[in-house]
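Since the structure comes first, as structure tokens, the remarks are kept for the end.
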Amino acid sequence: MEDVANQVFSTLGDKPGFQLAQIRFVAMREENLSYRNGLPFNCANLRESGTGVRVRVDNSWGFAATDSMERQDVIDTALRAFKVAKASAQVSRKPSVELAPEPIYKDSYSVRIDKDPFDIDIKDKMELLRDANQATRDASEHIRMAISNYRSRDTRVHFFSSEGSVIDQRLMFTGGSMQAVAISGAETQTRNLQNFKSRGWEAWEEFDPIATAATSGEEATILATKAEKCPSGKSTFILEPYQLGLTIHESCGHPSELDRVLGYEADFAGTSWLTPEKLNNLQYGNDKINITQNPAMEDVLGHFKYDDEGVQARSVPIVKNGIFVGYQSDREHAAMLGLDRSSGNSKSDGFDSVPIIRMNNMFLEADTSDEGFADIDALVEDTRDGIYGLQWKSHSIDDKRLNFQFATQIGYKIENGEITTPLKNVTYQAITPEFWGACSGLTRTSKIYGLPYCGKGSPNMQIGYVSHGGPWGRFEDVNVGITG
């Protein structure tokens, strides 16, 4: 592949205006297996490979792709990308900038894989899924739908840049979800438990599918038969790491994407309220709030060592001691804002997709100080009265990603420092800085969850693989029980 890449660079090197070429040779395989109500459902074994070429001419980009890795096909694709870049330069956006600098890397990397999931017999996988599906159905007579899903994706990316970088990466994730739908009279409720990691088969074993499936059925039954309606009004509100992570995703993750901030992205809920003058000035939350993006963290979904521009992954603070201090960027948008370096957030979802700014692993830091609570039990014990919300059900957010509303799958009342009555249809609404400014406690323990379905981009939406989470968090005077 390297000799093909070098021939592309040689072919383009003498053309007027040529500045940079990046080539990604990508091979992907994916296995997606499911059971629904005792029967195999929607199973797929996918394979794809090809080459994506991005060329920069006169400070403008062009992109083209082919499902081939053959020499002449790749050269022809590179020439098409050059033509696109040349045409784009005629209507280039302002300001026109050089790219933020990045060192040259020659490296090979793989996520940690103890057991390759593609070496596990599919019969064993299907039997385990069948047993998990049965565990959901056995939870109660009220279970009307049980869906058990397993998924693993293995991607090899060979990256070459005319600047000199040569990078080989193997990226894999494995995980699944267990969903139960329970009906009692006119009440229908759903419980869905899931997790994915940048690991091999061992991530699926850690997920413990049969026990997780049983829990989903049991809790769906509680929601449909015993849970009370969520009270309305102002309340102390505790979120566990999964739902706390989804709140971060929508209220901090997407609005801190620099293309969205600078007006070059407005798909899926608009632009951003985190405009450049707020950087290092805005009080995003109180001093307990430290939000970090770090794709270099091993094992979490969204982990990689280099992004699709060849930028090395690293930890980048977004909010530090409550102050907004950082953006997610690629090399071009970082330069447009005068930043020294890209944050390493340029990713695509396949060989035929152009890299764009994407979230990867963004989380709230745990409170490791003496003020931090040992765990969720200690946090609840310190809470006289309130509501505890768990796992995402739905959300909505305004076109600046400032005003948000979420619903959780299940909740519980907290009374006199104890978790008591289960609650259904728990909702909460807030203005982003008011919510994060109302944090009154975080645990010292934390957890990160993987979500393999973040959508961005138009006209062809790309799917991102991200992780979020952090500690258990408590917030004061939150609007709950919103019904309109």
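Every residue, every condition in (1) touching a Cys at 6+ places or on another chain (Cβ under 9 Å); (2) closer than 26 Å to THR292 by Cβ; (3) modelled with pLDDT of 95 or more; (4) among the aromatic types (Phe, Trp, Tyr), yes or no:
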residue: GLU365; (1), (2), (3), (4): no, yes, yes, no
residue: ILE376; (1), (2), (3), (4): no, yes, yes, no
residue: ASP385; (1), (2), (3), (4): no, no, yes, no
residue: LYS400; (1), (2), (3), (4): no, yes, no, no
residue: THR420; (1), (2), (3), (4): no, no, yes, no
residue: LEU423; (1), (2), (3), (4): yes, no, yes, no
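Of these, SER68, SER34, which one is touching a strand residue (DSSP E or B) at 6+ places or on another chain (Cβ under 7 Å), farther than 19 Å from GLU309 by Cα and not in a strand (DSSP E or B)?
Numbers: SER34 fails: not in a strand (DSSP E or B).
Matching residue, one of SER68, SER34: SER68.
In region 311-331, what residues are among the aliphatic types (A, V, I, L, M) and outside any strand (DSSP E or B)?
Answer for region 311-331, where residues must be among the aliphatic types (A, V, I, L, M) and outside any strand (DSSP E or B): VAL311, ALA313, VAL325.
Mind checking which residues of region 289-310 are in a loop (DSSP other than H, G, I, E, B), touching a helix residue (DSSP H, G or I) at 6+ places or on another chain (Cβ under 7 Å) and over 26 Å from ILE23 (Cβ atoms)? Step through it out loud before you land on a result.
So in region 289-310, the residues in a loop (DSSP other than H, G, I, E, B) come out as 289-290, 294-299, 301-305, 307-310.
Subset that is touching a helix residue (DSSP H, G or I) at 6+ places or on another chain (Cβ under 7 Å): 289, 309.
Within region 289-310, ILE289 is the sole residue that qualifies.
Residue by residue through region 425-481, note down the ones that are surrounded by 17 or more Cβ atoms within 10 Å (Cβ to Cβ) and either acidic (Asp, Glu) or outside any strand (DSSP E or B) (or both).
Matches in region 425-481: ASN425, THR432, PRO433, PHE435, TRP436, GLY437, ALA438, GLY457, GLY481.
Within region 161-171, can one find any residue that is in contact with a Ser or Thr (Cβ under 6 Å, 6 or more places away or on another chain), more than 24 Å from GLY310 (Cβ to Cβ) and either surrounded by fewer than 21 Cβ atoms within 10 Å (Cβ to Cβ) or assigned by TED's automatic domain parsing to the domain that holds LYS106 (or both)?
Scanning region 161-171 turns up no residue that is in contact with a Ser or Thr (Cβ under 6 Å, 6 or more places away or on another chain), more than 24 Å from GLY310 (Cβ to Cβ) and either surrounded by fewer than 21 Cβ atoms within 10 Å (Cβ to Cβ) or assigned by TED's automatic domain parsing to the domain that holds LYS106 (or both).
I'm checking my understanding of the structure. Among residues of region 452-477 that are out of contact with any Gly (no Cβ under 8 Å at 6 or more places or on another chain) and modelled with pLDDT of 95 or more, which one is farthest from SER152 (Cα to Cα)?
ASP477
Please work out which residue is surrounded by the most Cβ atoms within 10 Å (Cβ to Cβ), limiting yourself to region 309-340 and to residues that are over 14 Å from GLN293 (Cβ atoms), among the charged types (D, E, K, R) and in contact with a Pro (Cβ under 9 Å, 6 or more places away or on another chain).
Within region 309-340, the match that is surrounded by the most Cβ atoms within 10 Å (Cβ to Cβ) is ARG331.
Condition test on ASN286, is it on the phi < 0 side of the Ramachandran plot, outside the structural domain of ARG29 (by TED's automatic domain parsing) and part of a loop (DSSP other than H, G, I, E, B)?
yes
Restricting region 290-303 to residues that are surrounded by fewer than 24 Cβ atoms within 10 Å (Cβ to Cβ) and touching a residue at least 24 places away in the same chain (Cβ under 8 Å), which is farthest from GLU202 (Cα to Cα)?
Here the answer is ASN290.
For every residue, the table says whether it meets (1) β-branched (Val, Ile, Thr); (2) part of a strand (DSSP E or B); (3) assigned by TED's automatic domain parsing to the domain that holds PRO433.
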site	(1), (2), (3)
GLU202	no, no, no
ALA211	no, no, no
ALA214	no, no, no
LYS234	no, yes, yes
PHE237	no, yes, yes
GLY245	no, no, yes
HIS249	no, no, yes
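From the list SER140, SER152, exactly one residue is assigned to a loop (DSSP other than H, G, I, E, B) and under 30 Å from GLN409 (Cα atoms). Which is it?
Going through SER140, SER152 in turn, the sole match is SER140.
Could you grab the pairs with beta carbons closer than 6 Å, sequence gap of 6+ or different chains, first residue in region 408-423 and assigned by TED's automatic domain parsing to the domain that holds LYS393 and closer than 17 Å to TRP392 by Cα, second one of a type in the set (Asp, Glu) and surrounded by fewer than 22 Cβ atoms within 10 Å (Cβ to Cβ)?
Cβ pairs passing all conditions: LEU423/GLU228.
Which one is surrounded by the fewest Cβ atoms within 10 Å (Cβ to Cβ), of the residues in region 263-281 that are in contact with a Ser or Thr (Cβ under 9 Å, 6 or more places away or on another chain) and more than 13 Å from LYS456 (Cα to Cα)?
Restricting to residues being in contact with a Ser or Thr (Cβ under 9 Å, 6 or more places away or on another chain) and more than 13 Å from LYS456 (Cα to Cα), the top hit is GLY263.
The values are calculated or read from the model by the stated rules, or taken from the named source; none is laboratory data. As the structure is a prediction and not an experimental result, all values here were calculated from the model. Counting neighbours? That spans all protein chains shown, and the Cβs are built from the backbone with ideal geometry, glycine included.
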